[in-house]
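**Q** First the structure, then my questions, so here it is.
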Amino acid sequence: MNAIYDEAKKRYAEYGIDTEEVLKKLNEAVISVHCWQGDDVCGFDSDTGISGGIQTTGNYPGKARTPEELMQDLDKALSFCGGRHKLNLHASYAIFEKGEFADRNAIEPKHFRKWVDYAKARGMGIDFNPTLFGHPKAASFTLSSPDEEIRRFWVDHVKACVRISQYFAEETGEPCVMNIWIPDGYKDIPADRIGPRARFKKSLDEIISMPYDKEKVYITLESKVFGIGLEAYTVGSAEFTLGYAQQNGLVPLMDNGHYHPTEVVSDKISSLLLLNRKLALHVTRPMRWDSDHVVRLDDETKEIAKEIVASGRMDDIAMALDFFDASINRIAAWVVGITSFRKALLAAMLTPHAALRTLQDEGKYTRLMVMQEQLKMLPAGAVWEEFCRRNGVPADEKWMDEVEKYEREVLSARA
Ligand code: RNT
Ligand code: ZN
């Protein structure tokens, strides 16, 4: 067997942690993997590129240009990642037959059939996102547009997405998390703050009044404090989305790039869990702004994972990734982001939360600090290696050799 793992197992047992149990739980934790890291959020339904204050930077060669390439790249990335995943799609990734086209307000389940086949063949569920950016009609406002025709167009788009989400759930047998994020906002001080939010509310009211199966489709609402070009005001602020979600039985979604720089999502999770049945997350890495850097095993990622695991409510939390770096190999970006978040979950699962909680409740803060520091040096790496070994994926950096080979043989042939 694996002597290093066996030693680690004993060390953790001293702290009351059963690493076999942890390995099982870690394997079952579902991470929703965003398709949009593979092509810089471009999608297949237009040449508009992204807009709405989100931005990819870099021009690393080899980005996926077609659904086939994106699927092939995602397969490559996932072949290095152990544990369960879900596929997270955006509406702009609709796949049309030759000569066929449907605008965003007219997309149908059939335009995503190939994705369903892809997910089913890999035993994955699917999450979904209406795409309210990267489209001529999203040049300024969408669901909060003062132009009634534009507002209607986007309401119809989101309704179409709810139908597609339900189709995903029915086909895969797993509920679909459908996340609404709008880029609507102002660069400079608005004259009217309440008007756009009232229109957003009206649009959401119209959307959720459509019939859909609430056990199959979980609609989530993502807030954002500001975006590039939207510095002064966003319609979908934290207060708006939280309040609306709570009032209407939707699920709040927190993206950890969407708050003021000293605010942390790790501190918000517990409050939202107490006040909501479910919670959704976009795990990303903001650097000075909502830059969507690749997730790494840093302090805040670990703290987010700790809050998820320590809450005992992991099953109520939809964990999705949301980053896009176009300056490095996109497959490696996926692998690092996906595995970093799972490593963070592992670290959290290897923590004796109940014992630490007792120290806190008894006011033994010095001992608590000593324990927290001691736990950092326990052999989590050995448990990670065992997790990889059991999943038949590389535990060391060797996977990068294969990614480089794939870059030479496949990616470099792309114009
Ligand atoms: C944008 C939001 C949103 C997008 C994706 C592509 O700031 O984070 O979630 O990143 O929908
Ligand atoms: Zn996000």
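Every residue, every condition in (1) under 28 Å from residue 345 (Cα atoms); (2) not acidic (Asp, Glu), yes or no:
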position	(1), (2)
76	yes, yes
83	yes, yes
86	yes, yes
91	no, yes
99	no, yes
103	no, no
119	yes, yes
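**Q** Which condition does residue 226 not pass, out of (1) more than 12 Å from ligand 1 (Cβ to nearest atom); (2) modelled with pLDDT under 95, if it passes all the others?
**A** In the conditions (1) more than 12 Å from ligand 1 (Cβ to nearest atom); (2) modelled with pLDDT under 95, residue 226 misses (1) alone.
**Q** Considering each residue of the range 235-250, count those that are crowded, with 22+ Cβ neighbours inside 10 Å and small (Gly, Ala, Ser), and give that number.
**A** Here is the first cut: in the range 235-250, the ones crowded, with 22+ Cβ neighbours inside 10 Å are 235-236, 241, 245, 250.
Going one step further and asking which of them are small (Gly, Ala, Ser), we end up with 236, 245.
The total comes to 2.
**Q** Out of (1) in a loop (DSSP other than H, G, I, E, B); (2) of a type in the set (Ser, Thr, Tyr); (3) crowded, with 21+ Cβ neighbours inside 10 Å, the odd one out for residue 140 is which?
**A** Exception for residue 140: condition (3).
**Q** Looking only at residues in the range 31-87 that are away from ligand 1 (no atom under 12 Å from the Cβ) and of a type in the set (Asp, Glu), which one is farthest from residue 118 (Cα to Cα)?
**A** The selected residue is 47.
**Q** Taking the options 74, 89, name whichever one is in contact with a strand residue (DSSP E or B) (Cβ under 8 Å, 6 or more places away or on another chain), in a helix (DSSP H, G or I), among the aliphatic types (A, V, I, L, M) and surrounded by 19 or more Cβ atoms within 10 Å (Cβ to Cβ). Step through it out loud before you land on a result.
**A** Values: 89 fails: in a helix (DSSP H, G or I).
Just a single option satisfies the conditions, and that option is 74.
**Q** Check residue 232 against each of (1) more than 19 Å from residue 29 (Cβ to Cβ); (2) crowded, with 18+ Cβ neighbours inside 10 Å; (3) more than 12 Å from ligand 1 (Cβ to nearest atom) and name the one condition it does not meet.
**A** Against the list (1) more than 19 Å from residue 29 (Cβ to Cβ); (2) crowded, with 18+ Cβ neighbours inside 10 Å; (3) more than 12 Å from ligand 1 (Cβ to nearest atom), residue 232 comes up short only on (2).
**Q** Does the range 251-284 hold any residues that are surrounded by fewer than 21 Cβ atoms within 10 Å (Cβ to Cβ) and within 16 Å of ligand 1 (Cβ to nearest atom), and which are they?
**A** Within the range 251-284, 259, 260, 261, 263, 268 qualify.
**Q** Now for a separate question. Mind checking which pairs have a first residue in the range 126-150 that is over 17 Å from residue 227 (Cα atoms) and a second that is of a type in the set (Lys, Arg) and within 16 Å of ligand 1 (Cβ to nearest atom), Cβ under 9 Å, 6 or more apart or different chains?
**A** These pairs meet every condition: 126/86; 127/86; 130/104; 135/104; 137/104.
**Q** Can you tell me which residue in the range 1-59 is farthest from residue 175 (Cα to Cα), limited to those that are assigned to a loop (DSSP other than H, G, I, E, B) and of a type in the set (A, V, I, L, M)? Even if it seems obvious, please write down each step before you answer.
**A** First, pick out the residues of the range 1-59 that are assigned to a loop (DSSP other than H, G, I, E, B): 1-2, 14-18, 29-30, 38-59.
With of a type in the set (A, V, I, L, M) added as a condition, the list becomes 1, 17, 29-30, 41, 50, 54.
Details: 1: 38, 17: 31, 29: 15, 30: 12, 41: 24, 50: 28, 54: 28 Å.
So the residue we want is 1.
**Q** While we're here: Here is a check on your reading of the model: is residue 319 within 16 Å of ligand 1 (Cβ to nearest atom), of a type outside the set (Asp, Glu) and not in a loop (DSSP other than H, G, I, E, B)? Spell out the reasoning first.
**A** Details: within 16 Å of ligand 1 (Cβ to nearest atom): yes; of a type outside the set (Asp, Glu): yes; not in a loop (DSSP other than H, G, I, E, B): yes.
Spelling it out, residue 319 is indeed within 16 Å of ligand 1 (Cβ to nearest atom), of a type outside the set (Asp, Glu) and not in a loop (DSSP other than H, G, I, E, B).
**Q** Restricting to the range 377-415, name every residue that is assigned to a loop (DSSP other than H, G, I, E, B) and exposed (fewer than 14 other Cβ atoms within 10 Å of the Cβ).
**A** Kept after step one, since they are assigned to a loop (DSSP other than H, G, I, E, B), are these residues of the range 377-415: 377-379, 392-398, 410, 414-415.
If the condition is that a residue be assigned to a loop (DSSP other than H, G, I, E, B) and exposed (fewer than 14 other Cβ atoms within 10 Å of the Cβ), then 377, 392, 396, 397, 398, 414, 415 are the ones that fit.
**Q** Of the residues 189, 182, 194, only one is out of contact with any strand residue (DSSP E or B) (no Cβ under 7 Å at 6 or more places or on another chain) and within 16 Å of ligand 1 (Cβ to nearest atom); which?
**A** Selected residue: 182, the only one of 189, 182, 194 that is out of contact with any strand residue (DSSP E or B) (no Cβ under 7 Å at 6 or more places or on another chain) and within 16 Å of ligand 1 (Cβ to nearest atom).
The values are calculated or read from the model by the stated rules, or taken from the named source; none is laboratory data. These numbers were taken from a predicted model, which means no experiment stands behind them. Note that we place each Cβ from the backbone using ideal geometry, even for glycine, and neighbour counts take in every protein chain shown.
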